[in-house]
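Asks: First the structure, which I've put down as C-alpha cells, then a few questions once you've had a look.
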Amino acid sequence: MMFPCPILWFVLSVSQGAASQATSSQTTPQRSPFQSTDWGVVYDVPGTAEVRVEKNLTFQRAGARELQLDVYLPPRATGPLPAIVFANAVGDHLPDRVKEWGTYRTWPRLVAALGFAGVSMDCDGEHVPESLAAAFAFLEREGGRHGIDPTRMGVYAASANVGETSRFLLGPEAPRGVLAAVFYYGLPQVPETMRRDLPVLCVSAESDLARLREPVDALFTRVLAAGAPWTFEVATGMPHAFDVFSDTDASRRTIQRTLAFWRSFLEPVPPPGRAPSPERAILAAMFGNDEATTVRLLGEWIAAHPDEPAGYEARGTALCRMRRGREARPDLEKALALGSDDAGVHGSYGMMLALEGKHAPAVEHMRRAIAGNWYSSEMYGALGHSQLVLGQNEAAVASYEEALRLGIPPGPNTLGLASYNLACGYARLGRKADALSSIERAVGEHFGTKREYESDADFATLREEERFLAALERLGR
C-alpha cells in the first residue's frame, strides 16, 4: 500500500514529528491508532505465524546506505519456490522503511504461508529504477541460495508504487523472470509499444475512479488495440488501499482472485495426458480467424486423409472466405465427388457457379445450402440474380427481399446493385410502386448511369412515371 498523493508523506512526517515532540519526555513514544502504515492485509490463513523470514539481505549499496530485502518462506520449504516481489518504487524516508510497514510485512507472509516465497525491499527514492533493477538482479543472481526460483516471479505494486514499477516491468530492460504483475489502485505507466508477453491484473478501487476513470479508460482502449494479456477489475464499493482497510469478504475475495492470478502463471500447468489433436489445432485456427494457418493445417490433414470429404469441405470454404475462389474450386468439387452434402460446400460452390454464369446448377446448390441453414445476404443476392436471369421472377424478388432483410452493406456495387436488380424483378411482376422505391434506393447508392436505367427493357413501363424521371435527374449520363 502506498498513498497516491505526495502530500500524505508530509502529513505522516509531521504527525510523527509532533508525536515525537509531545512524548519526548516519555520512555516509549505514543503512536496514533490511525497510523496507516501499521495496518496489514485483511486476508489471513493458518500457517502465517510459522513462516520463516530471512531479514536484511543486502542487494545494493546506495552511497553510505545498504539497500536490503527480506525473504519470507514457508516453514518447511524445500527447493527454490516461485516468488512474489512486493515492489517499493517510491523510496524510503529514513528512518521509515517501507518494507517494515504492516502491508509489506503481512502480504509476503501471506503468500509464503500459501507456498510461495515473499519478498519486500528497500528503495532509494532518488534512484528508483536503479533500485528496482538491482533488487531483481540480486534475486536472479542469488535467489536460489535463499529459496527463490528467479525464473518464476510475480510482482505486486500498489498506489504510488505502480507508476515506476510499471515503467520498469513494461519497458525493454524488464527482468525476464517476472511472469505476472499485479497493479492495485494505481495508474500503470505503459510505453508506446505494449508488451504482449506479460500478464497483468489491474485492480481499481471504485473510490478512486472519480479521478482515474478517463486515464483507465484510455489505458483499457490501448490494451484492446494491442491485444495485451491484461485483466481489469473494479473493486466495487471499496476504498483506496482496500486490501488493508476494507475488512470485508468482498475485499478478501479480490485478494483470493489475485492469489489465483499469480498461481496460474507461476505454477506449472498439469500436462493433458493425451496426444495433441490436429483437428483441435485446426478448429483453434478457424475460431481464431487465422486463415493462413487454417489452410496450412488442413493441407496436412488432407494429405493424411485423402479420401475423407471433411478436409476438402473445410479448406474449400475457408479459401472462399479468403476470396480465393480459383484455389477453392478443386476442393469443393472433390468434396462433392466424395459424397459431401455439407451446406457450406453447396453454398460456396453455388455462388462460384453463379459468377461463371451457370445459373441453373448455381440455384440448385444455393437452395441446398439454405436448406442446410447456411446463408448470408451475399448468397441470397447471388441466388436472386441467378433466378432473375432464369426468369424465376417471384423467387428472385423473394431472394432479394431476404438479402435486404439480412442486411446488405451500403455502396453502389452492394446495396445499389441489389436494389437495381430487385427493381427489375418488381417491374416484371407489375409492382410499379415497389419498383420505383427500389430504383430510388439504387440511385441513392449511386449505382449506374441515366442511360442504363433508360435503356433497360425491364423499366419500359416506368419511363413516364414522375418518380422514375425525378430519380434519373440525380444521375449523370
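Asks: Looking at region 273-322, which trypsin sites (Lys or Arg not before Pro) are DSSP coil and have at most 12 other C-beta atoms within 10 Å of their C-beta? All intermediate terms of the calculation are to be shown ahead of the outcome.
Replies: On the way: sites: ARG274, ARG280, ARG296, ARG315, ARG321; in loops: ARG274.
Qualifying residues, ordered by number: ARG274.
Asks: Apply the Karplus curve 6.51 cos²θ - 1.76 cosθ + 1.60, θ = phi - 60°, to the phi angles in region 347-363 and return the couplings in whole Hz, x for Gly and Pro.
Replies: Residue by residue, region 347-363 yields x, 5, 5, x, 5, 5, 5, 4, 5, 8, x, 9, 6, 4, x, 4, 4 Hz.
Asks: What dipole magnitude, in Debye to the nearest 20, does region 221-343 give about its Cα centre under +1 on Lys/Arg Cβ and -1 on Asp/Glu Cβ? Before the final figure, lay out the partial values.
Replies: Details: 15 positive and 17 negative charges, 74 e Å.
My answer is approximately 360 debye.
Asks: For region 291-419, just run the numbers: alpha carbon Rg, then divide by 2.2 N^0.38 Å, N being how many residues it has. Numbers along the way, then the final one.
Replies: Details: Rg = 15.2 Å, N = 129, 2.2 N^0.38 = 13.9 Å.
So the Cα radius of gyration is 1.09 times the expected 2.2 N^0.38 Å.
Asks: By how many degrees, 0 to 90 and rounded to 10, does the Cα axis of helix 102-113 deviate from the longest principal axis of the chain?
Replies: Orientation of helix 102-113: about 70 degrees from the principal axis.
Asks: How high is the relative contact order of region 36-266, given as a whole-number percent (alpha carbon pairs under 8 Å, six or more residues apart)? Display every interim value, and only then the final one.
Replies: Numbers: 472 pairs, mean separation 44.2, N = 231.
Contact order relative to length: 19 percent.
Asks: Just how far, in whole angstrom, is region 64-90 from region 408-477 if you go by their alpha carbon centroids?
Replies: 77
Asks: Okay, next question. What longest range of the chain stays clear of loop-exposed GluC sites (Glu not before Pro) (DSSP non-H/G/I/E/B, at most 14 other C-beta within 10 angstrom)? Write out the running numbers ahead of the final one.
Replies: Numbers: sites that count: GLU126, GLU173, GLU192, GLU356, GLU464, GLU473.
Longest gap between qualifying sites, sites excluded: 193-355.
Asks: Here's a follow-up. Step by step: find N for region 34-181, compute 2.2 N^0.38 Å, then divide the Cα radius of gyration by it. What's the final number?
Replies: Values: Rg = 14.2 Å, N = 148, 2.2 N^0.38 = 14.7 Å.
Dividing the Cα Rg of region 34-181 by 2.2 N^0.38 Å gives 0.97.
Asks: Here's a follow-up. Can you compute the helix-only [θ] at 222 nm over the chain? Use -39500 (n - 2.57) per DSSP H run of at least 4 residues, normalise by all residues, nearest 500 deg cm²/dmol.
Replies: Numbers: 19 runs with 234 residues, N = 477.
After summing the helix terms and dividing by the residues of the chain, the value is -15500 deg cm²/dmol.
Asks: What size of dipole, in debye to the nearest 20, comes out for the chain about its Cα centre when the only charges are +1 on Lys and Arg C-beta atoms and -1 on Asp and Glu C-beta atoms?
Replies: On the way: 48 positive and 58 negative charges, 83 e Å.
For this selection, approximately 400 debye.
Asks: Using modelled backbone amide H atoms (1.01 Å from N, in-plane), which distant-in-sequence or interchain residues come within less than 5 Å of ALA235's amide H?
Replies: Excluding prolines and chain starts, which carry no amide H, the hits are SER204, ALA205, GLU206.
Asks: Report, in degrees rounded to the nearest 10, the 0 to 90 angle that the Cα long axis of helix 432-444 makes with the longest principal axis of the chain.
Replies: The angle comes out at about 50 degrees.
Asks: Also, quick follow-up: Farthest toward the dipole's positive end in the chain, which of GLY118, GLY299, ALA318, given Cβ charges of +1 (Lys, Arg) and -1 (Asp, Glu) about the Cα centre?
Replies: Going by the charge dipole, the pick is GLY118.
Asks: Place a point 7 Å from Cα of ARG52 in the direction of its Cβ. Which residues in region 144-168 have their backbone N less than 13 Å from it?
Replies: The answer is 145-148, whose backbone nitrogens lie closer than 13 Å to the label point.
Asks: Let me understand region 272-330 better: what is its radius of gyration from the alpha carbons, and its Dmax, in angstrom?
Replies: Over region 272-330's Cα set, Rg and Dmax evaluate to 11.8, 42 Å.
Asks: I would also like to ask the following. Run the quick spin-label model on ARG257 and ARG323: label points 7 Å from Cα toward the beta carbon, then report their separation in nm to one decimal.
Replies: Label-label distance for ARG257 and ARG323, simple model: 4.2 nm.
Asks: Something else now. What residues qualify as long-range amide H neighbours of ALA83, i.e. H under 5 Å apart, gap of 5 or more or another chain, H built at 1.01 Å from N?
Replies: Hits under the 5 Å cutoff: ALA117, ASP149, ARG152, MET153, GLY154.
Asks: Right, something else. What are the ³J(HN,Hα) values, in whole Hz, obtained from phi via the Karplus relation 6.51 cos²θ - 1.76 cosθ + 1.60 with θ = phi - 60°, for each residue of region 369-384 in sequence order, with x given for Gly and Pro?
Replies: Each residue of region 369-384 in turn: 5, 5, 4, x, 6, 10, 6, 7, 5, 5, 5, 5, x, 5, 5, x Hz.
Asks: Under Stokes-Einstein, with the Kirkwood radius over Cα pairs standing in for Rh, what whole-number D in µm²/s applies to the chain at 20 °C and 1.002 mPa s?
Replies: Once the numbers are plugged in, D ends up at 76 µm²/s.
Asks: Still on this structure, I have one more. Antiparallel versus total DSSP beta bridges in the chain: what percent is that, nearest 5? Mind showing how you got there, number by number?
Replies: Working: 13 of 38 bridges.
Taking every DSSP beta bridge with both residues in the chain, the antiparallel ones total about 35 percent.
Asks: Treating the angle as unsigned and between 0 and 90°, give the value, to the nearest 10°, between the Cα long axis of helix 161-170 and the longest Cα principal axis of the chain.
Replies: 60
Since every read-out is calculated from the coordinates, none of them should be taken as a lab result. Everything numeric here is computed off the predicted structure, so don't read it as measured data. Methodologically, a virtual Cβ is constructed for each residue, glycine included, from the backbone with ideal geometry; neighbour enumeration extends over all protein chains shown.
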